[in-house]
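Accompanying notes for the structure given below.
The values are calculated or read from the model by the stated rules, or taken from the named source; none is laboratory data. No experiment lies behind these values; they were computed from the predicted model shown. Backbone-built Cβ (ideal geometry, glycine too); neighbour counts: all protein chains shown.
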Amino acid sequence: MTGPAVRVRDERGIGVVEIDHPPVNALARPVRAALLEAIERLAEDPAVRAIVIHGCGRHFIAGADVREFDAPPAPPLLHELLNRLEALDKPVIAALHGTTLGGGAELALASHYRCATPDLSLGFPEIKLGLLPGAGGTVRLPRLVGIRRALELMTSGTPIGIAAARELGLVDHELRGDVLAGALAFARERVAAGTPPRRTTDLPMPVPESPAVFDEARTALSAAARRVPASEAIIAAVEAAAARPWREALAVARERFDACRRSTESRALRHLFFAERVPAPGGAPQPVATVGIVGAGTMGSGIAIAAATAGLEVTLVDTQAAALAAGLERIARHFTDVHRKGRLDAAAAAAAGARVRGAATLAALAPVDLVIEAVFESLEVKRAVFAELGRTCRPGAVLATNTSTLDVDAIAAASDRPADVVGMHFFSPAHVMRLLEIVRGRDTTPAVLATAFALGKRLGKIGVVVGNGFGFVGNRMLYAYGREKELMMLEGASPTEIDRALEAFGMAMGPNAVGDLAGLDVGYAVRRAWTDRPDDPRFYRVSDLLVEHGRLGQKNGRGFYRYEPGARRGTSDPEVEALIRAEAERLGIARRAIGAEEIVERCTLALIGEGIRLLEEGIAARASDVDLVWCHGYGFPRERGGPMFHADTLGLAHVLDRIRHYASACGPRYWTPAASLEQLAARGARLADEASTGAT
Ligand code: T1G
């Protein structure tokens, strides 16, 4: 025994090293120390003829322990451990199953032989944490699969299954049945055949597939990937492996790894990794097997697709026969498409589609476990639906509303069972976007909240529990962000300048392009219904003006931009700029050139200021929740960690100083700093360190 995380035993001459470090066998320091002790012991034992390394549980090894990266690496260092493993004079067989990622995959490459079960998922996801494989992957992987494929695997972070792994020569033998028994048999065959250790670093580096293979990899990087230093670090590390002896190249990789580990981008991505794994809210979730969805429109059918794909039985209700038919057709087409694109096999796609049935009345929802209402965004309409649901649905059924801006308590009250009501705000398209705002109403019980959260997780969503306030967290912040871009267009920035500046900052799409995509009339209607919208003639004046001139966005070819038929990206339209100039003059606004720096600062500080208010009011429970909302719901750049992490990167004293600057430059109406910001800045605090308000 070498400690609870690593067990060693002798199986008739084969040394078995079992890693048992739940939940994912992460290679934390104690595990590395125990592994080193284990392999040294087996190396010295003359009775041991070969070594098999095996991971207990669902995963072989999920990689290094991500929690260790905020501090310098502690010995034994993983790359040194793996070099020692590879140098052993006895055959080392990695018995792979399930998830084999990062350092786990590197351990496999440092082993002499690799067996794997059909459920293998092998990959190098370090890039998603702003890191590179730092334990030898950059020198061993290209030796096994070639330079181009190695670069693809490491810069994408996408795992491969057993078939691809075998084809690439990463797996020598596919195991059927018990992974350890199979690996032991494989090891005995190696011993019987007298097969020597096969060291990956003994293999020559392959000749680059083309002289430009490294620059081709750079060119192939997406804009988002280019903003993460680890992308270039991976390419440079493999370039070094092609030009130098492997130990020197590994030293280059180590230097690059440590620089990436300390980078803002990696710290931001690691922040989000853990933010996405916050514990579920208290309360015991109820089992949900059947779901009712009210409203067969875009949102309702998207939610139905997500639920059916997750294995739930779905009843989609729409009292309008044509709308119901259109919704069912949309759902059927989706499952046909996902099969055609190879994302689901024929049987799975057919089974998922068969789990959705239509109904014309809410009576069909009487027996279901949970209902999600997704009807027109009108309080009157929603209240009528909830009044009927309250009478119709079985006791204990959860009643959720997909409202994006309306008062969940007002909707809940209509049901006469507000304790069963919760908000589940999906983002469109509901079967694609991962964000789900889970709105706790005044009377929502912990069990109902936990049930909604658990259902969200089952649908593959990132669930964020928020309080019941206008726009919850995401849309309330969106109005602050949009307010500034609208004001700056009146003050002199063109729609294109706004979008280009924010896309250069890292936003997935500029706000004007987003408006055109969603339809400018959608926001227009919401703002009309907004009872306490700011009494400011400039507030969203440009967007309103465009709608009043019949410019609705992509849907009718003209919005902020002009869209040629079929074009996804619009072009600047002089008519829009003339409209804006005339409106600015009418409002008496002097125009000026506005640079990208001011555009980005005003929009991001507006986001930060509103996020801090949401924390202060308890609508958001913790800063990382606000980051999840904006990274998963609105395309905030992940390598900046979200608006709150970005505020901590800037420093709250700087944030406060700049908000005060805009209070004097633009007026205090929108730029009065939250009291909590002044307190946090005064004591040099970070938002990430603030305890959860828990108020939601
Ligand atoms: N380190 C520390 N904790 C981890 C972890 C990791 N690598 N992976 C998961 N956890 C925790 C997670 O926080 C959660 O904790 C629990 O395990 C279950 O996770 C040296 C430098 C493996 C596919 O990037 O992709 O190796 O909430 O909810 O849905 O060169 O976890 O229970 O307290 O996600 O079944 C590379 C990251 C590291 C893999 C399982 N490896 N993990 O998914 O469970 S860097 C990764 C995952 C590296 C080398 C480099 C997933 C999973 P808690 P979960 P899951």
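Overview of results
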read-out: Those residues of the range 198-215 which are in contact with a helix residue (DSSP H, G or I) (Cβ under 8 Å, 6 or more places away or on another chain) and not small (Gly, Ala, Ser), in sequence order; value: Arg199, Thr200, Thr201, Leu203, Pro204, Met205, Pro206, Pro208, Glu209, Val213, Phe214
read-out: Within the range 645-671, tally of residues that are of a type in the set (Ser, Thr, Tyr) and either in contact with a Pro (Cβ under 6 Å, 6 or more places away or on another chain) or loosely packed, with under 13 Cβ neighbours inside 10 Å (or both); value: 1
read-out: Residue in the range 83-107 that is nearest to the ligand (Cβ to nearest atom), counting only those that are among the charged types (D, E, K, R) and either over 15 Å from Arg49 (Cα atoms) or assigned to a helix (DSSP H, G or I) (or both); value: Glu106
read-out: Scope the range 667-696; condition under 13 Å from Leu605 (Cα atoms) and of a type outside the set (Phe, Trp, Tyr); matching residues; value: Thr672, Pro673, Ala674, Leu677
read-out: Helices (runs of 4 or more DSSP H) wholly inside the range 563-639 that include at least 2 residues being under 22 Å from the mean Cα position of the chain (by Cα) and under 29 Å from Gly667 (Cβ atoms); value: 596-617, 623-633
read-out: Restricting the range 245-280 to residues that are more than 14 Å from the ligand (Cβ to nearest atom) and under 26 Å from Trp630 (Cβ atoms), the residue that is surrounded by the fewest Cβ atoms within 10 Å (Cβ to Cβ); value: Thr264
read-out: Entirely in the range 130-220, the helices (runs of 4 or more DSSP H) that have 3 or more residues that are under 28 Å from the mean Cα position of the chain (by Cα) and away from the ligand (no atom under 16 Å from the Cβ); value: 147-156, 162-167, 213-220
read-out: Residue in the range 252-263 that is within 30 Å of Pro73 (Cβ to Cβ), touching a residue at least 40 places away in the same chain (Cβ under 8 Å) and either among the hydroxyl-bearing types (Ser, Thr, Tyr) or assigned to a strand (DSSP E or B) (or both) present; value: yes
read-out: Every residue from the range 41-59 that is part of a helix (DSSP H, G or I) and either touching a residue at least 24 places away in the same chain (Cβ under 8 Å) or touching a Cys at 6+ places or on another chain (Cβ under 7 Å) (or both); value: Arg41, Leu42, Ala43
read-out: Residues of the range 492-522 that turn out to be under 13 Å from Leu546 (Cα atoms), surrounded by fewer than 24 Cβ atoms within 10 Å (Cβ to Cβ) and in contact (Cβ under 8 Å) with a residue 24 or more places away in the chain, as a count; value: 2
read-out: Tally of residues being within 16 Å of Arg114 (Cα to Cα) and near the ligand (Cβ under 8 Å from one of its atoms) across the range 48-73; value: 1
read-out: From Gly295, Gly300, residue being over 23 Å from the mean Cα position of the chain (by Cα) and in the same structural domain as Thr319 (by TED's automatic domain parsing); value: Gly295
read-out: Test: residue in the range 673-692 that is in contact with a Phe, Trp or Tyr (Cβ under 7 Å, 6 or more places away or on another chain) and either under 19 Å from Met507 (Cβ atoms) or not small (Gly, Ala, Ser) (or both); value: no
read-out: Matching entry among Thr319, Thr336 (being surrounded by fewer than 17 Cβ atoms within 10 Å (Cβ to Cβ), β-branched (Val, Ile, Thr) and part of a loop (DSSP other than H, G, I, E, B)); value: Thr319
read-out: Tabulated pairs, the range 122-139, first over 18 Å from Glu239 (Cβ atoms) and in the same structural domain as Leu170 (by TED's automatic domain parsing), second within 6 Å of the ligand (Cβ to nearest atom) and β-branched (Val, Ile, Thr), C-beta under 7 angstrom, 6+ apart or interchain; value: Leu129/Val66
read-out: Hey, Thr200 of a type outside the set (A, V, I, L, M, F, W, C), closer than 20 Å to Leu85 by Cβ and either buried (at least 16 other Cβ atoms within 10 Å of the Cβ) or in contact with a strand residue (DSSP E or B) (Cβ under 8 Å, 6 or more places away or on another chain) (or both) or not; value: yes
read-out: Test: residue in the range 60-73 that is farther than 26 Å from Leu132 by Cβ and in contact (Cβ under 8 Å) with a residue 12 or more places away in the chain; value: no
read-out: Residues located in the range 108-128, provided they are surrounded by fewer than 24 Cβ atoms within 10 Å (Cβ to Cβ), among the charged types (D, E, K, R) and not in a loop (DSSP other than H, G, I, E, B); value: Lys128
read-out: Enumeration of residues in the range 11-33 that are touching a residue at least 24 places away in the same chain (Cβ under 8 Å), more than 20 Å from Glu86 (Cα to Cα) and away from the ligand (no atom under 16 Å from the Cβ); value: Glu11
read-out: Enumeration of residues in the range 320-361 that are at pLDDT below 95 and closer than 24 Å to Ala384 by Cα; value: none
read-out: Leu36 vs. criteria more than 10 Å from the ligand (Cβ to nearest atom) and over 30 Å from Thr264 (Cα atoms); value: yes
read-out: Given (1) in contact (Cβ under 8 Å) with a residue 40 or more places away in the chain; (2) out of contact with any strand residue (DSSP E or B) (no Cβ under 8 Å at 6 or more places or on another chain); (3) more than 17 Å from Leu85 (Cα to Cα), number of the condition Asp119 does not satisfy; value: (2)
read-out: Of the criteria (1) among the hydrophobic types (A, V, I, L, M, F, W, C); (2) modelled with pLDDT of 95 or more; (3) under 25 Å from Gly506 (Cα atoms), which one Ala663 fails; value: (3)
read-out: Residue check, Pro72 modelled with pLDDT under 95 and surrounded by fewer than 23 Cβ atoms within 10 Å (Cβ to Cβ); value: yes
read-out: From Ala325, Ala346, Ala350, residue being in contact with a His (Cβ under 6 Å, 6 or more places away or on another chain) and either free of Cβ contacts under 8 Å to residues at least 24 places away in the same chain or closer than 20 Å to Ile372 by Cα (or both); value: Ala346
read-out: Hits in the range 150-185 - residues which are closer than 29 Å to Ala233 by Cβ and surrounded by fewer than 17 Cβ atoms within 10 Å (Cβ to Cβ); value: Glu152, Thr158, Gly161, Ala164, Glu167, Gly169
read-out: Filter result (closer than 19 Å to Phe470 by Cβ and of a type in the set (A, V, I, L, M, F, W, C)) within the range 415-437; value: Val421, Val422, Met424, Phe426, Phe427, Leu435, Leu436
